[in-house]
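K.L.:
Mind having a look at this structure? Questions to follow.
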Amino acid sequence: MLHTEICDLLGITYPILQGGMAWIATGELAAAVSEAGGLGIIGAGSAPPEEVRKEILKVKERTEKPFGVNLYYQSPYIEELVDVVCQEKVPVVTTGAGNPGKHLPRLKAAGIKVIPVVASVALAKRLAKAGVDALIAEGMECGGHIGEIATMPLVPQVVDAVSIPVIAAGGIADGRGLVAALALGAAGIQMGTRFICATECQVHPRYKEAILKAQDRDTVVTGFSGHYVRVLKNKLTRQYEEMAARGASPEEIEELGIGKLRLAAVEGDVEWGSVMAGQSSALVKEIKPAAAIIRDIVEEALEVIKGLQRFTS
Ligand code: TUI
């Protein structure tokens, strides 16, 4: 058994959250993770509110267990999405790529547990003061939109700065990573990349294969002026690098990224699409059911904890 305060807070069996990845984390994956004792999270991304409601209903049909929705704060539908999660009484909301402060009163009034993703100590402090239930401290090893600080230094700094539970994310894909996160003071982990390679994940099979093939140096950070995105290297990232080298404008570079996550995740174009994935990609070696992913990680974590006793006297 591996139990932390986040299990009690969220009503889950294992302290493992699945990242709410846009275009990737649909109701099927979220339901499978929740049913296996973790917290499955639907990625709302920039999808229209009624599409997100459909995914919520899908999860409710498949499991009685708690689940979450991730709200992407750059979505043009953010206000309507807050309405949908409140109406549907979604048990947990995680947020990304922005400050959810102004929506906290509404979300809390609907009985929703709110867990923002933060990439800095300053925002962690501000949101803890505003009354969020927990925080996800996400290091820049993760895939997709990233901050500037790595998981190893970020997590203990956030843990020291707040008195609510902190969940570690970024670069974690196995039991060793889970134990390391606990050692840093985290109460649990969130994994995105590992769960992309879950059997139940509906992403295009070529996206999963690209992660399975990836080695240690196969991710790259693209972006400009504070908006950085970690993806697997491919033709798109080489074109991006050429553009950056010839001094292309931020607008031109932004233009290159439009629609590219959908191209990879839905169409399966892993050469010209944006294959968002973390540095943990090289740790992911097989596709297996979400329940097996969770079981194997917990088993490995318990073995690692036992093994650590040899260093004590
Ligand atoms: O949100 C993420 N990761 C994401 S979102 C995403 S969707 C996308 N699609 C196409 C192009 C680009 C992105 C892919 N990956 N992670 C959570 C996260 N949030 N990491 C960092 C932050 C963050 C950054 C700034 C949270 C808050 C914040 O606040 C700034 C402010 O307003 O104070």
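K.L.:
Output yes when any residue across the range 86-99 is among the polar types (S, T, N, Q) and open to solvent by less than 10 Å² (accessible area, probe 1.4 Å), and no when none is.
P.N.:
Yes; the residues of the range 86-99 include at least one that is among the polar types (S, T, N, Q) and open to solvent by less than 10 Å² (accessible area, probe 1.4 Å).
K.L.:
Same structure, new question: One residue is enough: does the range 239-250 have a residue meeting the conditions buried (at least 17 other Cβ atoms within 10 Å of the Cβ) and small (Gly, Ala, Ser)?
P.N.:
Checked the range 239-250: no residue is buried (at least 17 other Cβ atoms within 10 Å of the Cβ) and small (Gly, Ala, Ser).
K.L.:
On to the next question. Given the criteria outside any helix (DSSP H, G or I) and either out of contact with any strand residue (DSSP E or B) (no Cβ under 7 Å at 6 or more places or on another chain) or buried (at least 16 other Cβ atoms within 10 Å of the Cβ) (or both), does ILE12 qualify? Please lay out each step first, then the result.
P.N.:
Working: outside any helix (DSSP H, G or I): yes; either out of contact with any strand residue (DSSP E or B) (no Cβ under 7 Å at 6 or more places or on another chain) or buried (at least 16 other Cβ atoms within 10 Å of the Cβ) (or both): yes.
Answer is yes for this residue.
K.L.:
Kindly indicate which of LEU104, LEU127, LEU57, LEU81 is over 23 Å from GLY171 (Cα atoms), within 12 Å of the ligand (Cβ to nearest atom), of a type in the set (A, V, I, L, M) and assigned to a helix (DSSP H, G or I).
P.N.:
LEU127
K.L.:
Can you name every residue in the range 100-130 that is farther than 19 Å from GLN157 by Cα and open to solvent by 40 Å² or more (accessible area, probe 1.4 Å)?
P.N.:
Step one: list which residues in the range 100-130 are farther than 19 Å from GLN157 by Cα, which gives 100-114.
Listed by number, the residues that qualify are LYS102, PRO105, ARG106, LYS108, ALA109, GLY111, LYS113.
K.L.:
Within the range 252-279, count every residue that is in a helix (DSSP H, G or I) and within 15 Å of the ligand (Cβ to nearest atom).
P.N.:
12
K.L.:
Here's a check for you: in the range 107-124, which residue that is in contact (Cβ under 8 Å) with a residue 24 or more places away in the chain and assigned to a helix (DSSP H, G or I) is farthest from the ligand (Cβ to nearest atom)?
P.N.:
This residue is LEU107.
K.L.:
List, please: which pairs have Cβ atoms under 8 Å, are six or more places apart or on different chains, and start with a residue in the range 22-33 that is of a type in the set (D, E, K, R) and end with one that is within 16 Å of the ligand (Cβ to nearest atom) and outside any helix (DSSP H, G or I)?
P.N.:
GLU28/CYS201
K.L.:
Regarding GLU51, is this residue within 16 Å of the ligand (Cβ to nearest atom) and free of Cβ contacts under 8 Å to residues at least 24 places away in the same chain?
P.N.:
So GLU51 fits the description; yes.
K.L.:
For LYS233, state whether it is open to solvent by less than 50 Å² (accessible area, probe 1.4 Å) and either of a type in the set (Lys, Arg) or free of Cβ contacts under 8 Å to residues at least 12 places away in the same chain (or both).
P.N.:
no
K.L.:
While we're on this one: Please find, within the range 246-277, the residue that is farthest from VAL229 (Cα to Cα) out of those that are of a type in the set (Lys, Arg) and within 23 Å of the chain's Cα centre (by Cα).
P.N.:
Ranking the candidates gives ARG262 first.
K.L.:
Residues in the range 165-174: is at least one open to solvent by 20 Å² or more (accessible area, probe 1.4 Å), more than 29 Å from LEU308 (Cα to Cα) and either modelled with pLDDT under 95 or away from the ligand (no atom under 16 Å from the Cβ) (or both)?
P.N.:
no
K.L.:
Something else about it: For the range 257-270, check the following and say yes or no: at least one residue is modelled with pLDDT under 95, surrounded by fewer than 19 Cβ atoms within 10 Å (Cβ to Cβ) and of a type in the set (A, V, I, L, M, F, W, C).
P.N.:
yes
K.L.:
Further question: Assuming LEU71 fulfils every condition listed in (1) within 16 Å of the ligand (Cβ to nearest atom); (2) assigned to a helix (DSSP H, G or I); (3) buried (at least 16 other Cβ atoms within 10 Å of the Cβ) apart from one, which condition is it?
P.N.:
(2) is the only condition that LEU71 fails.
K.L.:
Answer yes or no: is there a residue in the range 285-295 that is of a type in the set (A, V, I, L, M, F, W, C) and without any contact (Cβ under 8 Å) to a residue 60 or more places away in the chain.
P.N.:
Keep residues of the range 285-295 that are of a type in the set (A, V, I, L, M, F, W, C), which gives 287, 290-294.
Remaining after also requiring without any contact (Cβ under 8 Å) to a residue 60 or more places away in the chain: 292.
Scanning the range 285-295, I find at least one residue that is of a type in the set (A, V, I, L, M, F, W, C) and without any contact (Cβ under 8 Å) to a residue 60 or more places away in the chain, so the answer is yes.
K.L.:
Still on this structure: Given GLY139, GLY147, GLY177, which one is out of contact with any Asp or Glu (no Cβ under 7 Å at 6 or more places or on another chain), open to solvent by 10 Å² or more (accessible area, probe 1.4 Å) and either within 24 Å of VAL90 (Cβ to Cβ) or not basic (Lys, Arg) (or both)?
P.N.:
Of the residues listed, the single one that is out of contact with any Asp or Glu (no Cβ under 7 Å at 6 or more places or on another chain), open to solvent by 10 Å² or more (accessible area, probe 1.4 Å) and either within 24 Å of VAL90 (Cβ to Cβ) or not basic (Lys, Arg) (or both) is GLY177.
The values are calculated or read from the model by the stated rules, or taken from the named source; none is laboratory data. This one's a predicted model, so the numbers in the text were calculated from it and none came from an experiment. We place every Cβ from the backbone using ideal geometry, glycine too, and count neighbours over all the protein chains shown. Each accessible area value is taken on the protein alone, full model and side chains, heavy atoms only, with ligands, DNA and RNA left out. Shrake-Rupley method; radii C 1.70, N 1.55, O 1.52, S 1.80 Å.
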